[in-house]
Amino acid sequence: PPAGTLHLDSEPPPPAGTLHLGNEPSPPAGTLHLTSEPPPPAGISTASSPLQVWGSFGAFQGMLDPITPFGRDVFSVLAVNVAEYLGWQISVEQQNAFITAGERLYVNLTPLVRNHLGRKIVLAALSIVEAGLLEIIQPVLDDPRLAPGRGFMRPVTALRLARLVFPTLARMLHTLADPDAARQRAMQGAEQIIADFQQKNQKVETLAQHFILVKDIYQSMPPFMIRTMVPCFAPGMAMLNLLNRLASGVPGGSTLVLEITRGLPYNVTTQMDLSLWDAARQIQRDSTSAAHFAGRTAAQLAKDYQAGCLPAVAQTAVGLFLGRYGVRGVAEIDIGRTRWGEDPTPVMQALLSYLHIQDEQRAPDAVFNQGAEAAQQAIDRLAEAVKSTPGGWLKARLVRRAAYRVRALAGLREMPKFLVVNLMGIVRQNLLRFARSLVDQGVLDEAQDIFFFYLSEIEEIASWQEDLGEWKLTGSFTSLSPQEARQRVIERKQRFAQEKRRRQVPRLLLSDGRAFYEGVSGAATNAAGAICGSPVSPGLVEGRVQVVFDPHLTQLAPGDILVCPGTDPAWTPLFLAAGGLVMEVGGMMTHGSVVAREYGIPAVVGVSQATQRLRTGQRIRLDGSNGTITLLDLE
């Protein structure tokens with residue numbers, strides 16, 4: 001195939017007509033074109049280009065949608081800033097931490113899997129964030145072309161890593177010694193960064209000034225993440241792994257460990273849910289607000305809020321919630337996707353669902369408290385159970401100490417993402433503000449389209465807007481008229497929409513042309529005919545399947561089993577009605593799994609092609625303790 005192009009196997013076949021992508025004018029270096037052509041012929045030499053391994057970034061995030069061009073560049077910039085923090089000087093075009101295939105990001109795992117320690121880190125991380133990818137990559141690592149090197153690393157590389165690793169390990173030990181103080185520092189630090197940049201943003205008047213702020217934002221994030229956040233939540237994950245080891249051999253031990261992670265405090269997503277529930281209760285208690293919500297749709301309520309026409313109590317309650325969480329939304333890792341603060345319809349839909357909760361025991365705060373109580377009981381049961389094993393008295397003490405640290409720290413797992421999304425919100429609002437002038441000049445049809453430009457293109461726009469005040473661009477825009485630039489955006493939007501229809505996305509890509517789709521246990525079933533996945537939230541439930549691709553277009557009936565590709569915080573309101581959860585991607589500590597345990601919903605993740613193998617209306621039995629799904633319609 002042509003240089004720089006990766007042809008992927010189309011098995012299992014995606015929907016007809018959605019695969020072939022034409023070449024785009026001036027794509028970023030490293031872009032891979034997803035096609036419906038067969039893999040390259042066997043025997044193509046890779047001696048001059050060592051085998052490369054890329055994992056789906058979307059699978060890690062529970063978001064398999066394509067990402068806008070500017071959204072992809074955001075992560076390229078972050079990769080560059082991380083490299084600079086570690087002492088390497090590279091450009092966005094030179095970075096190879098992320099590549100693009102099918103308008104989606106893939107993470108370069110090659111350097112890690114070719115290193116003995118790095119390989120262990122990858123496998124340990126995948127065991128808790130993406131069980132399906134873990135199962136896929138293990139046999140791939142047997143390929144001799146990916147064998148870890150035997151030589152010594154260069155002294156300069158060893159020095160750079162030592163400067164990173166040893167301080168990080170020291171901070172992790174401090175965290176284990178005093179987890180509460182470490183957590184407090186991390187949370188306060190994140191809030192301070194958000195406040196500082198919100199204040200700086202008030203002084204931004206031009207697009208050129210905005211880009212200075214953008215660079216400042218993304219340069220500040222790697223040091224804070226590496227110095228403060230990672231040493232804070234990583235020990236919580238390590239203690240969770242220790243609990244699993246201590247529970248090994250104990251009857252029901254793995255289920256008890258899952259129970260220990262229920263009702264985790266200090267989780268920003270749980271706090272968001274509880275804040276929305278508090279807003280719903282305020283609306284319920286005010287008869288005028290309750291009547292107003294009872295007679296309108298979510299879309300009408302959103303318009304009322306934006307016009308300031310909700311009853312006073314409701315207007316204030318919703319405003320306080322959006323003031324804190326308006327930067328969130330579906331597929332929020334993509335800066336190009338709409339936020340709740342711009343369109344509060346999803347928030348109103350969630351409030352309407354909350355207002356229908358009559359059973360006090362199913363209220364979010366009650367469910368959270370029940371989870372916390374169940375977690376404490378699980379700690380006691382596991383500590384008691386290990387006493388009967390060799391070294392039991394020591395194991396029992398370790399269980400309690402490890403469990404305390406898991407509950408003190410593991411909830412911070414979503415804080416880094418919350419920080420990133422908040423800072424993205426500042427960048428997004430400025431870009432939308434400046435994009436309106438491009439709409440007036442005929443370059444864009446709507447302000448949202450600015451995210452279909454690449455970062456370098458917008459910087460060029462910033463240059464002409466600042467210096468000339470008229471359309472004149474250089475570089476990739478040489479000789480383009482406003483109409484031609486608009487056409488480029490239209491073509492990119494069409495490709496984005498085309499890729500959004502893809503239902504199965506490769507989890508793992510290899511540079512020899514192979515693509516791997518299957519999740520836990522592939523498409524196989526167990527001896528009893530049940531579909532297999534990874535158990536992440538214990539419990540047994542029977543119910544009707546509801547396959548969902550967009551949480552804003554679906555309302556679950558109570559007890560329905562939600563089947564979806566993956567979830568992010570914007571999916572949370574559906575969990576209140578769901579009787580169970582099945583996801584194609586995810587692991588024990590991904591968003592959907594954590595929230596499922598918070599609400600006591602049985603959940604199984606990593607189920608290959610779940611949205612195709614299960615159909616809306618089917619009745620199934622879901623066992624979140626052993627990871628099996630039984631089709632009751634066949635019994």
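Our helix-only sum for the chain, with -39,500 (n - 2.57) per DSSP H run of n ≥ 4 divided by its residues, gives a mean residue ellipticity at 222 nm of -16000 deg cm²/dmol. The alpha carbons of the chain stretch over 76, 72, 54 Å along the principal axes, in descending order.
For the chain, the relative contact order comes to 20 percent (Cα pairs under 8 Å, sequence separation of at least 6). Straight-line reach from Lys303: taking Cα to Cα under 12 Å and skipping same-chain neighbours fewer than 8 places apart, the aspartates and glutamates in range are Glu342, Asp343.
Computed over the range 64-211, the percent of Cα pairs more than 28 Å apart is 40.
Among 154-160, 108-114, 495-501, 343-349, sorting by the average number of other beta carbon atoms lying within 10 angstrom of each residue, highest first, gives 343-349, 108-114, 495-501, 154-160. Report note on the peptides 359-365, 617-623: ranked by the mean count of other C-beta atoms within 10 Å, highest first, their order is 617-623, 359-365. For the chain, the carbon plus sulfur part of the accessible surface works out to 55%, probe radius 1.4 Å. Computed over protein heavy atoms with a 1.4 Å probe, the accessible surface of the chain works out to 42 Å² per residue. Taking a straight line from the alpha carbon of Lys200, these lysines sit under 28 Å away, with near neighbours fewer than eight places off in the same chain left out: Lys215, Lys417. Under a model in which nothing but the beta-carbon of Lys, Arg (+1) and Asp, Glu (-1) is charged, the chain shows a dipole of about 1800 debye around its Cα centre. Sequence-distant contacts, meaning Cα pairs under 8 Å at least 6 residues apart, place the relative contact order of the range 480-635 at 27 percent.
For Lys387, which lysines qualify as cross-link partners when the Cα separation must be under 27 Å and same-chain residues fewer than eight apart are set aside? Cα-Cα hits under 27 Å: Lys395.
The values are calculated or read from the model by the stated rules, or taken from the named source; none is laboratory data. In this text, all values refer to a predicted model and were calculated from it rather than measured experimentally. Neighbour counts run over all protein chains shown; Cβ positions are idealised from the backbone, glycine included. Heads up: the accessible areas ignore ligands, DNA and RNA and are worked out on the full protein's heavy atoms, side chains in. Shrake-Rupley method; radii C 1.70, N 1.55, O 1.52, S 1.80 Å.
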